[in-house]
Amino acid sequence: MNPAPETIPRREFFAINGLRFFAATWVLLFHASIHFGHLSTASLIQPILNQGVLAMTLFFMLSGFILSYRYACFASRESVHEYISARIGRLYPVYLFMGLTTIWRIGEGAGRFVIIEEYGYLGAVPFAMFAIFLFVFGLQAWFPNLFGIWNFGGSWSLSVEAFFYSLFPKLRQTIRRLNDRSLRMVTYALPLTIGLISVGLLVSETRATDNSKMFYVLPIFRLPEFLLGMCGYALFVERKLDQHILAWLSAMAIPVLVVGVYWRDLPGLVEWGAPASVVFMGVFVACLSLDATQIVKTVVNYLGRISYCVYMAQCTCLPG
């Protein structure tokens with residue numbers, strides 16, 4: 001019989017936990033550099049901070065990869081309920097705390113919306129109630145125009161994660177049923193899909209409106225990153241296939257990614273999601289074989305556990 005989720009003890013991979021902390025810190029510093037000022041233009045770190053959008057690619061891929069490791073299958077409806085309870089219990093308390101501590105910003109930028117412009121305080125009440133409804137149920141990522149209010153500019157990614165979590169049990173079962181050939185096709189197609197969506201962001205950008213934001217934040221457009229984390233785990237780790245191919249692809253993608261990050265004259269921002277996703281997957285698989293002393297593992301595992309709190313701290317330094 002297939003095991004229910006988390007009934008089989010699974011050891012922590014300290015390097016993967018380290019990546020969680022790295023991704024959270026990257027996003028936090030990205031927002032902090034926007035709000036508090038950039039480093040020197042000669043700094044080698046600033047171009048990396050500027051690519052905070054790639055940290056989100058890392059974040060979503062890690063989510064799919066780690067969940068696939070922790071939940072081998074879902075043997076019963078009870079196991080799905082346990083999974084949902086575990087996700088809510090881990091994420092929602094900090095999410096709610098950050099919402100309450102930043103709720104005073106709910107009206108910032110609201111004056112540009114028609115309902116406020118035309119009806120004043122009469123429009124402010126339903127506007128605020130709708131914003132609170134979206135936050136409570138984690139739906140703010142589906143309304144990019146609202147990102148200027150409250151902490152939506154930072155908490156949108158948790159809304160995206162909530163969407164992924166709702167799909168994960170069914171996706172995990174579907175991926176496990178794929179044969180090797182089908183799994184290969186899906187896995188190798190996903191970086192291309194990520195690249196196409198990134199190009200869509202670039203070509204849809206205009207000076208008059210920010211339509212490109214829809215490509216960047218809508219959960220459906222970030223789903224390929226989460227799926228790549230899941231499929232990559234199934235192909236390269238669970239079935240131990242094509243690891244040498246992944247190593248070669250990652251090695252070829254690294255110089256492309258470095259050029260994209262440091263060559264300032266290149267247009268756009270996130271069209272480097274495709275090579276980044278390949279590099280990240282290679283790093284994930286490599287991290288599984290890393291070892292260290294017990295004290296290093298303990299410290300890094302702890303950093304991984306607090307990474308979510310570090311990530312949510314970005315909501316306190318969003319540009320006003």
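Data overview
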quantity	calculated
Which of PHE127, PHE152 has the fewest Cβ neighbours within 10 Å, and the rest in rising order	PHE127, PHE152
Relative contact order (percent, whole number), the chain, Cα cutoff 8 Å, 6+ residue spacing	34
Sparse-neighbourhood loop sites, trypsin sites (Lys or Arg not before Pro) in segment 214-245 - DSSP loop, at most 11 other Cβ within 10 angstrom	LYS240
Cβ-placed point charges (K, R +1; D, E -1), dipole of the chain about Cα centre in debye, nearest 20	760
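Coordinate-derived values only; no laboratory data. If you're wondering where the values come from, they're calculated on a predicted model, not measured in any experiment. Reconstructed Cβ throughout: ideal geometry from the backbone, glycine too, with neighbour counts over all protein chains shown.
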